[in-house]
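A short worksheet on the structure shown next.
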Amino acid sequence: LDTMISRFWRGWTTVANADAYENLLRTKILPGIHRVKGYRGAYLLRRNVGDGVEFATLTLWESLDAVRAFAGEEYEVAVVIPEARKLLSRFDERSLHYDTIVEPR
């Protein structure tokens, strides 16, 4: 049995753009990912930092093949749609991938 893969990525917005970005994640980005075979859900994290707001996403995948189906062959490269790029001040250019060894029960 393959180990579930956790994909970790962060992006930062201004305080003014934070609610709009969260709404975009909730209404368009995450629902779009649901259509990818092998997607197993996500955690969306938000915290105020210095001059803005940091968002972290942890998406869960049944395999690296499922991650590739979402992100392409260069699966570590961040997937950031143009609408999100307009709201983000900066973001991780690459996502990190982990074997998931314990998960919530």
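The values are calculated or read from the model by the stated rules, or taken from the named source; none is laboratory data. Note that the coordinates shown come from a computational prediction; the quantities given were computed from them, not determined experimentally. All Cβ positions, glycine included, derive from the backbone under ideal geometry; neighbour counts span all protein chains shown. All accessible areas refer to the heavy atoms of the entire protein, side chains included, with ligands and DNA or RNA removed. Shrake-Rupley method; radii C 1.70, N 1.55, O 1.52, S 1.80 Å.
Data table
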{"read-out": "Structure-based [θ]222 nm, the chain - -39500 (n - 2.57) summed over DSSP H runs of at least 4, per residue, nearest 500", "value": "-6500 deg cm²/dmol"}
{"read-out": "Rounded to whole Å, sorted largest first: equivalent-ellipsoid semi-axes of region 12-61, Cα gyration tensor", "value": "24, 12, 5"}
{"read-out": "Förster radius 22 Å - calculated FRET efficiency between V77 and R105 (Cβ-Cβ, nearest 0.05)", "value": "0.10"}
{"read-out": "Accessible area expressed per residue, the chain, with surrounding protein chains retained (probe 1.4 Å, Å²)", "value": "64 Å²"}
{"read-out": "Test item: Cα-centred dipole of the chain, Lys/Arg +1 and Asp/Glu -1 on Cβ, debye", "value": "340 debye"}
{"read-out": "Value of relative contact order over the chain, rounded to a whole percent, pairs C-alpha under 8 Å and six or more apart", "value": "44 percent"}
{"read-out": "Crossing angle, helix 15-24 versus the chain [Cα axis fit, 0-90 degrees, rounded to tens]", "value": "40 degrees"}
{"read-out": "R0 of 25 Å, Cβ-Cβ distance R90-E62: FRET efficiency to nearest 0.05", "value": "0.25"}
{"read-out": "Choice from E54, E62, E83 with maximal GNM fluctuation in the chain (Cα, 10 Å cutoff)", "value": "E83"}
{"read-out": "Per-selection metrics, the chain (Cα): Rg and Dmax in Å", "value": "13.7, 45"}
